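Some notes on the structure that comes next.
The values are calculated or read from the model by the stated rules, or taken from the named source; none is laboratory data. Remember, predicted model here, so these are calculated numbers, not experimental data. When we count neighbours, we look across all protein chains shown, and the Cβ atoms used for this are built from the backbone with ideal geometry, even at glycine. All accessible areas refer to the heavy atoms of the entire protein, side chains included, with ligands and DNA or RNA removed. Shrake-Rupley method; radii C 1.70, N 1.55, O 1.52, S 1.80 Å.
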Amino acid sequence: MDASPLVGVIMGSRNDYAVMRGAVEMLREFGVPHEVRVVSAHRTPDLLFEYAQTAADRGLRVIIAGAGGAAHLPGMVAAKTVVPVLGVPIPATALQGMDSLLSIVQMPKGVPVGTLAIGAPGAANAGLLATQILATTDAALQKKLAAWRAARRDEVLAQGIDEEQGAAKA
């Protein structure tokens, strides 16, 4: 993106992008400047600390952190920055993201992480929530969000049911 990023999208490994793509796509849809990085809490802790400690000075206003397993990435980033962190549990283990969800949602008092749903729906909602956070101080972005919501409403209203046929009308 040409503009300085306002949202950082980070994940513990490249494999996590299959889930985190939803956040990136949502940010792109609204034209929100963002960056995407692999930052592992366990394999690159020094990079994690540098990323988190410099986030505000680099102009980031929200960080979306996707993590699987023990899911230390969102909490550790939140511990090292005042920038709001949104955590997305990645279904990366046999527990299908439940372990990650519990790790992210159980942050101690004083180190909050906004926790989204497990997997792709959570990633997309994280992108949308980051956009909404930015829109609190950006009237143009508020208008885009209102139009986006109206389009979702109209999609639902266009879905009728043909009672005689018992099938949905397209």
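Suppose we filter Ala123, Ala151, Ala146 for residues that are in contact with a strand residue (DSSP E or B) (Cβ under 7 Å, 6 or more places away or on another chain), assigned to a helix (DSSP H, G or I) and modelled with pLDDT of 95 or more; which single one remains?
Exactly one of Ala123, Ala151, Ala146 is in contact with a strand residue (DSSP E or B) (Cβ under 7 Å, 6 or more places away or on another chain), assigned to a helix (DSSP H, G or I) and modelled with pLDDT of 95 or more, namely Ala123.
Testing Pro108 on (1) in a loop (DSSP other than H, G, I, E, B); (2) in contact with a Pro (Cβ under 7 Å, 6 or more places away or on another chain), one condition comes back false. Which one is that?
That leaves (2) as the condition not met.
Pick out the one residue from Leu102, Leu60 that is surrounded by fewer than 23 Cβ atoms within 10 Å (Cβ to Cβ) and free of Cβ contacts under 8 Å to residues at least 12 places away in the same chain.
Within the list Leu102, Leu60, the selection yields Leu102.
So which of Pro74, Pro33, Pro45 ends up being surrounded by fewer than 24 Cβ atoms within 10 Å (Cβ to Cβ) and closer than 30 Å to Ala140 by Cβ?
When all the criteria are applied, what remains is Pro33.
Kindly establish whether Pro84 is open to solvent by less than 10 Å² (accessible area, probe 1.4 Å), touching a helix residue (DSSP H, G or I) at 6+ places or on another chain (Cβ under 7 Å) and of a type outside the set (A, V, I, L, M).
No; evaluated as a whole, the condition is false for this residue.
Give the residues of segment 1-15 that are surrounded by fewer than 22 Cβ atoms within 10 Å (Cβ to Cβ) and out of contact with any Pro (no Cβ under 7 Å at 6 or more places or on another chain), sorted by residue number.
Once the filter is applied, which keeps residues that are surrounded by fewer than 22 Cβ atoms within 10 Å (Cβ to Cβ) and out of contact with any Pro (no Cβ under 7 Å at 6 or more places or on another chain), segment 1-15 yields Asp2, Ser13, Arg14, Asn15.
Does Val19 satisfy the condition of being open to solvent by 10 Å² or more (accessible area, probe 1.4 Å), closer than 28 Å to Thr137 by Cα and in contact with a strand residue (DSSP E or B) (Cβ under 6 Å, 6 or more places away or on another chain)?
Details: open to solvent by 10 Å² or more (accessible area, probe 1.4 Å): yes; closer than 28 Å to Thr137 by Cα: no; in contact with a strand residue (DSSP E or B) (Cβ under 6 Å, 6 or more places away or on another chain): yes.
Criteria not met by Val19.
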